[in-house]
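Let me begin by presenting the structure, written as structure tokens, before commenting on it.
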Amino acid sequence: MTFPKLGRLTTISAKAVWLHEAQTFTPWLAENLDLLGEALQIGELELKATELPAGEFRLDILAEDESGNPVLIENQFGNTDHRHLGQLITYIASQRSDATAIWIAETIREDHRAAIDWLNSTTKEGFNFFAVEVEALKIGDSDPAPFFRVVAQPNNWARAVDAKVSGEGELAERHKVRLAYWASFAEYLRKSDPSFAINRQNKDNWIQFRIGRAGFAILCTISTSKQRIGVELYLFKDPVKVGIRELKLDRAAIEAVIGEPLEWQELPNRKASRIALYRHGVDPSETSGYSDLHAWMLDKMQRFRLAFAPRVKLLDLGADGSGNGEPDEDA
């Protein structure tokens with residue numbers, strides 16, 4: 001019998017590869033945030049700053065996720081220590097809205113892993129903590145490849161179920177409707193188009209999907225009060241409406257791909273904009289109609305991605321593309 005020729009996988013410490021955390025690893029990671037976002041399954045990250053002053057400390061990397069929310073990254077070589085844990089908590093405490101904190105080290109001590117798990121279980125929804133070990137792998141004489149091992153992460157599934165309550169301490173009826181609809185849609189996507197994925201339970205009236213650039217997303221929405229579902233391109237960072245107006249110059253070609261006219265909503269009182277398509281006269285709470293609603297929604301999501309993904313990558317927002325938006329809660 002002939003066996004395949006296999007190499008031997010070896011592990012190399014981060015310090016042996018990058019030599020110095022501040023001078024080598026942090027600049028390298030700033031240029032390779034896509035690898036970190038992929039390992040943590042949090043989507044694309046956009047670099048905002050490195051070695052950013054934060055009170056008495058300096059934050060190694062400040063990035064933004066696809067929703068425009070801050071991602072605070074603290075690196076260290078060797079074992080984790082209390083000082084870096086304190087810095088991480090200090091950074092996240094300065095944030096007024098949703099934010100993610102990522103602690104990267106060669107070795108996450110067990111007591112610090114437990115501390116990150118505790119922070120994830122006790123802080124309010126929207127604040128997420130990761131503890132990540134970094135090393136490099138190689139086979140034979142190959143170049144070393146970076147490897148991120150997630151040691152602690154948010155339990156979004158449990159937190160979503162646990163989360164918001166009515167006055168009696170139970171989930172409001174609208175939350176139950178949304179949880180049921182998105183759970184069904186998640187299974188539909190898994191079977192029909194896994195390139196779109198829902199990885200957590202969701203009680204909001206909207207859910208977002210990546211489109212290839214931070215600050216932009218395809219949003220799907222449901223509203224029982226308005227008896228409609230929708231698909232839209234949401235521009236989280238469009239305060240002076242540069243993005244939507246640039247896209248609108250190509251309106252005819254975009255709507256030809258979508259197959260229907262769109263609503264171009266500049267949202268003048270918000271930092272965001274949206275380009276939306278709605279299907280009216282439907283009831284997202286009626287489970288017997290799920291298959292029809294799911295099919296319509298996925299078809300429009302695919303068309304939106306085809307029409308908008310290449311265009312948003314080419315947009316030059318300049319200094320006007322600052323600020324954060326947040327989808328409306330209207331169901």
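The values are calculated or read from the model by the stated rules, or taken from the named source; none is laboratory data. Owing to the predicted nature of the structure, the values given are computational and were not obtained by experimental measurement. Heads up, the Cβs are rebuilt from the backbone with ideal geometry, glycines too, and the neighbour counts pull from every protein chain shown. Areas reflect the complete protein model, heavy atoms only, side chains present, ligands, DNA and RNA absent. Shrake-Rupley method; radii C 1.70, N 1.55, O 1.52, S 1.80 Å.
Quick look at the numbers
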item	result
Apportionment of accessible area to carbon and sulfur, the range 1-118, percent (1.4 Å)	52 percent
Heavy-atom accessible area per residue - the range 185-285, 1.4 Å, Å²	43 Å²
Listed values [x] 21.1; [y] 22.0; [z] 19.4, entry calculated as mean projected area of the Cα convex hull in nm²	[y]
Label point distance in nm, residue 137-residue 302, each placed 7 Å from Cα along Cα→Cβ	3.3 nm
Considering only the chain, percent of DSSP beta bridges that pair antiparallel, nearest 5	75 percent
Förster radius 25 Å - calculated FRET efficiency between residue 248 and residue 226 (Cβ-Cβ, nearest 0.05)	0.55
Packing-based ranking, highest mean first, of 32-44, 258-270 given that Cβ atoms within 10 Å are counted	32-44, 258-270
Length gained when the stretch residue 81-residue 288 is fully extended (0.36 nm per residue, less Cα-Cα span)	69.1 nm
Residue 260 versus residue 34: modelled label distance in nm, points set 7 Å from Cα along the beta carbon direction	3.4 nm
Mean Kyte hydropathy of -1.0 or more with a Cα span along the axis of at least 27 Å, helices from DSSP in the chain	173-192, 290-314
Spacing of the two label points (7 Å from each Cα toward its C-beta) at residue 24 and residue 90, in nm	2.8 nm
Relative contact order of the chain, defined on C-alpha pairs under 8 angstrom at six or more residues apart (%)	14 percent
Gain on full stretching of the segment that runs from residue 97 to residue 155 - 0.36 nm per residue minus C-alpha separation	19.0 nm
Contour excess over end-to-end distance, with Cα ends at residue 184 and residue 122 and 0.36 nm allotted per residue	19.5 nm
Set of lysines with alpha-carbon distance to residue 138 below 22 Å, sequence-local pairs under 8 removed	5, 15
